[in-house]
1. Considering amide H positions built from the backbone, and no H for Pro or chain starts, which residues 5 or more places from Val67, or on another chain, come under 5 Å of its amide H?
2. So if each residue of separation counts as 0.36 nm, and I subtract the Cα-Cα distance between Ala127 and Lys165, what length gain in nm does that give?
3. Relative contact order for the stretch 417-510 using alpha-carbon pairs under 8 Å, separation at least 6, rounded to a whole percent?
4. Can you list residues whose amide H is under 5 Å from Ile51's amide H, if they're 5+ apart or on another chain and H is modeled 1.01 Å from N?
5. Go through Gly144, Gly72, Met113 and say which Cα lies farthest out towards the positive end of the charge dipole of the stretch 27-145; charges sit on Cβ, +1 for Lys and Arg, -1 for Asp and Glu.
6. Which part of the stretch 413-432 falls in the paramagnetic zone of His39, meaning amide N under 18 Å from the point 7 Å along Cα-to-beta-carbon?
7. At a threshold of 8 angstrom on Cα-Cα distance, excluding pairs fewer than six apart, so keeping six or more, what relative contact order does the chain reach in percent?
8. How far is the Cα center of the stretch 397-457 from the Cα center of the stretch 279-313, in Å?
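Rule-based calculations on the coordinates, nothing more; no lab input. Just so it is clear, the structure is predicted and the values come from calculations on it, not from any experiment. We place every Cβ from the backbone using ideal geometry, glycine too, and count neighbours over all the protein chains shown.
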Amino acid sequence: ITKSEQVSGVCSVAYGESEGCSSSSKILIKGGTVVNAHHQEVADVYVEDGIIVSVQPNINVGDDVKVIDATGKYVMPGGIDPHTHLATEFIVSETVDDFFSGQAGALAGGTTMNINFVLPVDGSLTAGFEEFAEKAKTSCMDYGFHMAITKWDETVEKEMEIMVKEKGINSFKFFLAYKEALMINDELLVRGLKKCKSLGALPMVHAENGDAIAEAQLEMIDLGITGPEGHALSRPAVLEGEATARAIRLAAFVNTPIYVVHVMSIDAMEEIAKARKAGQRVIGEPIAAGLVLNESGIFDPSFTVAAMNLMSPPIRKAGHDKALQGALATGVLQLVGTDHCSFNSTQKALGIDDFRMVPNGVNGIEERMHLVWNTMVESGLITPPDYVRITSTECAKIFNIYPRKGAILAGSDADIIILNPKASFEISAATHHTKSDTNVFEGQRGKGKVEVTIAGGKVVWEGGELKVVPGSGRYIELPPFSYLFDGIDKLDAKYKSSLGAPVQRFKAST
Ligand code: URP
Ligand code: ZN
Ligand code: ZN
Ligand code: ZN
């Protein structure tokens, strides 16, 4: 261990090549219940050089192998967080978590890969990619990138192609909100959807009506509502429902799959349900905060608490959380992200006099796996295989890296967690491993604890100790044309019935 730094009240992060367990390249996990999205069974898992070599009962090994007893525990694929903002400058401030600190927290919470959003630099995708590739060099777990599209011209179109064909990006995010910053209009969205379709890249949307929000924000200020509650009041669920419906219909018009990020309301969820029922390929991603919190946080009399809860779309009234849980349990929504976009209370205080200046975002990269287990499995809503599907496997499939990721199968990457269903967790800023001085889930507790995390074949979290190495995480290229594009060409006729040959008409004779 070359350097050690105290990052929390209870345990430390060790930097550099460390001795002992984390450098062992051979690991046997014995006697646990191995859970995949398709099946669970009691079996041993043998790992060598970062790869799962074998999954079967009673594997015998030599004594150069680290053996971990998982009897009575679940052995599952590490979580994949499809939605994070590490090391990101967001309008007024830079997120407090960089790749290393965010991923250290992720590993302590059972997530072994994240897909981070890249923002273009002055509209340049190439410059944005390079900036984030540089920032990500401190990564301690595997990661991929999504790219945001914030303007449109021939250069952007060409760069999208380069991103997909040469840089390992297979998804682009379009913001229908954040007017005068990231927001795009419908014309650009339609062009972007078409381009995505031609590249086999998945369009993602931040679905809120930015024009209506800008109006509502002015009304709030006129009314003298300058506190964080003004943020919630100016972004009602109806505006999320409207934009979700619009984006989904435009995706139908283009006949492309579409992915709705951070589904926060019943309004948005119902639009997704309706489209899916009609056979449209729409993916809906709720986030940890939307599943377990409600708007009481942003109405809290403490500015710090209220600002900590401020994100877009806002965390909704009680009731939306339960509805989103139900939708996730029944397959209306498919996978859980976090939208981890963390700021310190001092950064949030930039908006002390005006909610429009509070940096948007909440944490979750470290907490998601525990919260989802407790809320969804411990409550009886879903089974452990469903849990694996919504926290890992479905994400790997959508972003086209399954079964390398998202499975405990021979040949898969050794990204593995051991969860003890009898142990409990409690969340606090005093003990978390990410950097913010607050935690939006402060005080939440529940059943199910990730006791061991193995990332890239190394034990990085065990016995409450993190052993993470900056630079050990790899950039995972995400190939285009995931399963969501299979057969899309055959469906063109269904959605584009109005396109065809011109009607032949006789010339009117005079
Ligand atoms: O408030 C949020 N969600 N911040 C992150 C940016 C985004 O819109 O995803
Ligand atoms: Zn700790
Ligand atoms: Zn967003
Ligand atoms: Zn986001």
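1. Leu28
2. Length gained, Ala127 through Lys165: 12.0 nm.
3. Result for the stretch 417-510 is 20 percent.
4. Residues meeting the criterion, in which the H sits 1.01 Å from N, are Ala414.
5. Going by the charge dipole, the pick is Gly72.
6. Counting only backbone N, you get 413.
7. 23 percent
8. Value for the Cα centre distance between the two parts: 21 Å.
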